[in-house]
Amino acid sequence: MDPSTPHPDLAGLNGKRLAVVGSGPAGMSAAYFARLLGFSVTIYEKLPVMGGILRVGIPSYRLPRKVIEAEFEGLSNMGIDLRPNTEIGKNFSLNALRNEYDYVFLGTGVHASIKLGIPQEDQSHRVISGLTLLNKTAFGETVDLGKRVTVIGGGNTAIDSARTALRLGCEVTIIYRRSQCEMPAHFEEVQEAREEGVQFRFLAAPQKIVLDTDQTIKKLVCCRMELGPADESGRRRPIKKEGAFFDIKTYSIICAFVEKPDLVFFKAALKTKNDCIVVKDNLSTPPQKGLQPQVFAGGDIIDIAHTVVHAVASGKKAAIAMDCHRNGANFDEVLEKIVIGDGPAISFSAYHGWKSVNPVTQNHRWVLGSENIVFDYFKKASRVQPVIQDTDTRKQSFNPYRNTFDPEAAGREALRCMHCGRCTECDNCLIFCPDMSVLVKGRNRFGYAIDYDYCKGCGICFTECPRHAITMIDEDIPLKEA
Ligand SMILES: Cc1cc2nc3c(=O)[nH]c(=O)nc-3n(C[C@H](O)[C@H](O)[C@H](O)COP(=O)(O)OP(=O)(O)OC[C@H]3O[C@@H](n4cnc5c(N)ncnc54)[C@H](O)[C@@H]3O)c2cc1C
Ligand code: SF4
Ligand code: SF4
C-alpha cells in the first residue's frame with residue numbers, strides 16, 4: 001500500500017497512551033496494532049534511524065532501505081510519533097516513561113556481542129563483531145578489514161557479515177564448528193554466499209589469535225572438531241579433536257555468533273532469566289517493586305525464536321493484551337476466540353471484529369492440510385520465480401539483487417491461491433449432488449444452502465469440493481458443538 005494513503009481502518013483515539021521502546025519489527029508491530037486499536041503511540045529509538053536490525057543489521061542488498069522507510073512513513077501517517085536519537089535509560093528512565101504513559105512496550109532486541117574467549121582477541125582493532133561491521137556499513141562508515149577476512153559463526157549474522165565483507169572487496173572464509181546441516185542460517189543464503197565466492201571451513205573452531213608486533217593479525221589458529229551426541233538444542237555437539245590444529249592466514253576476524261540483549265537499564269526494574277526479560281503469557285512483565293503490570297515486552301529480548309516474524313507476532317499479541325487490560329477483558333478468554341488453528345498465530349481481524357472480504361463464515365481454529373485438497377481440479381502452476389542478478393554483478397554493490405514482483409507477476413502468483421477451505425462458488429457440489437439438494441441461495445446472495453429434506457448424506461459434495469469448503473457432521477451432534 002502507498003504509505004501516504006490514509007489507513008482505511010484507523011480508529012479514533014481511546015484516551016490511552018503507549019510508549020514503545022525500540023523501533024525494530026517488535027516495536028513497529030506493537031505500535032501499528034495498538035494505534036489501530038485507538039492508542040496514542042510514541043516510538044523511542046536510540047539510533048538516528050528507525051527499523052532496528054531491519055535497518056542496521058540485515059544488509060540493503062537483502063532488504064531495500066526504501067521498503068523500511070515506506071513502513072515508517074505509513075506509521076507516521078497513522079499519527080504515530082517517531083522519536084529517533086532517544087535512548088531509554090539515558091535520555092529518559094523506564095520509570096519516567098511509566099509515569100508519563102499508560103502502557104510501555106519494550107522491544108530493544110539483542111545487540112551486545114558475545115566474545116570468542118580466546119587469547120589476544122581484545123588486542124587488535126581488526127577483531128570485531130558481525131553486528132559492528134553491519135552497523136557501520138549500514139551507516140556508510142569505512143571499516144578497515146584488510147584483504148583477507150575470517151568470519152566465525154553459522155547463523156544469519158555470519159552469512160550477512162561474510163557477504164558484506166565480500167562486497168567491500170575482501171576474500172572471505174567462514175569457519176563454523178559444526179557441519180553445514182547444523183547451520184542456523186537460511187539454506188538459501190548459504191548457497192548464495194557460496195555462489196558469490198565465500199569459502200566455508202566446517203568442523204573448525206578458533207583457538208588462538210597470533211599478532212604481529214604492530215598488533216595486526218598474523219594468523220588465526222583453529223582446532224578441527226567432530227560431532228558427538230545431540231545437545232540441548234537438538235543439534236550434534238561439536239567436540240575438539242585433540243591436537244588437530246591448523247592455521248588460517250587472515251587480516252581480520254569477525255565474530256558473528258550469538259548476540260545477547262543489553263538489559264543493563266531494565267535489570268533493576270524487571271525480572272530476567274538467561275538474558276531474557278521474563279514475561280507472562282500475555283507478554284506483560286510480572287509486577288515488580290513499584291512497577292505496574294502495564295510494562296510489556298516482545299521480540300528478541302523475550303524467550304522466543306529470533307526471527308522477524310516472531311518479533312512481529314509478539315508486537316501484535318502485546319497490543320491486543322494491552323487493549324484487553326484497558327477494557328477489563330480476560331486475555332486468556334479472548335485468545336481462545338482469536339487463535340488460528342492450534343496457535344500460536346492469532347487473528348487481529350477476529351479480535352477487532354472486522355468482516356472478512358469473503359462472505360463465507362470462517363472458523364479460525366480450522367486450518368486445512370494439503371491432504372484435504374482435491375488437486376485433480378487444479379492446474380499445476382509453478383511459483384513465479386523472482387529475477388536474480390548474476391553473481392558477478394550482485395557482489396559489486398549493496399543494491400538489491402533479487403527483484404520483487406511487478407504487478408503482473410504478483411497477479412500471476414496470487415492466481416495460484418486455491419482458496420483452501422473457502423467456497424468460491426465453483427458449482428462443483430451443485431453439479432455432483434445426485435439429489436439436487438444443493439440450492440443456489442439466489443441473486444446477490446453468496447453461496448448455497450443444503451435442502452436437508454432431500455439430502456441423503458451421501459457425502460459426494462463433501463468429497464468433490466476441490467477446496468474442502470464443506471463440513472459434514474454427525475446428525476446427532478448439535479450444530480453448536482460440532
Ligand atoms: C544480521 C542479522 C540478520 C538477520 N536476518 C534475519 C532474516 O533473514 N530473517 C529473520 O526472520 N530474522 C533475521 N534476523 C533476526 C531478526 O532481525 C530479529 O529477530 C528481529 O530484528 C528482532 O526484532 P526486535 O524488534 O526484537 O529487535 P531489533 O530489530 O533488534 O530492534 C531493537 C531496536 O531497539 C533499539 N534500542 C535498544 N535499546 C534501546 C533503548 N534503551 N532505548 C531506545 N531504543 C533502544 C535498537 O537500537 C533497535 O533499533 C537477523 C538478525 C541479524 C542480527
Ligand atoms: S464445490 Fe466447494 S467451492 Fe465449489 S461451490 Fe461447492 S462448496 Fe463452494
Ligand atoms: S451429501 Fe449427497 S445428497 Fe447431500 S448435498 Fe451432498 S451430494 Fe447432495
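Being surrounded by 12 or more Cβ atoms within 10 Å (Cβ to Cβ), closer than 30 Å to Ala410 by Cβ and of a type in the set (Gly, Ala, Ser) is a description that applies to Ala350. Tell me, which residue of the range 444-466 that is hydroxyl-bearing (Ser, Thr, Tyr) and more than 9 Å from ligand 2 (Cβ to nearest atom) is nearest to Leu368 (Cα to Cα)? Result: Thr463. Test Gly117 against the criterion of being crowded, with 23+ Cβ neighbours inside 10 Å, at positive phi and either among the acidic types (Asp, Glu) or not assigned by TED's automatic domain parsing to the domain that holds Pro25 (or both), and give yes or no. No; evaluated as a whole, the condition is false for this residue. With the condition kept exactly as written, say whether any residue in the range 147-156 is of a type outside the set (Phe, Trp, Tyr) and in a helix (DSSP H, G or I). Scanning the range 147-156 turns up at least one residue that is of a type outside the set (Phe, Trp, Tyr) and in a helix (DSSP H, G or I). State which residue is farthest from Gly315 (Cα to Cα) when the search covers only the range 349-377 and only residues that are hydrophobic (A, V, I, L, M, F, W, C) and modelled with pLDDT under 95. Of everything passing the filter in the range 349-377, Val360 is farthest from Gly315 (Cα to Cα).
The values are calculated or read from the model by the stated rules, or taken from the named source; none is laboratory data. Here the structure is a predicted model, which is why all the values come from computation and not from measurement. Because the Cβ atoms are built from the backbone with ideal geometry, glycine has one as well, and the counts that use them run over all protein chains shown.
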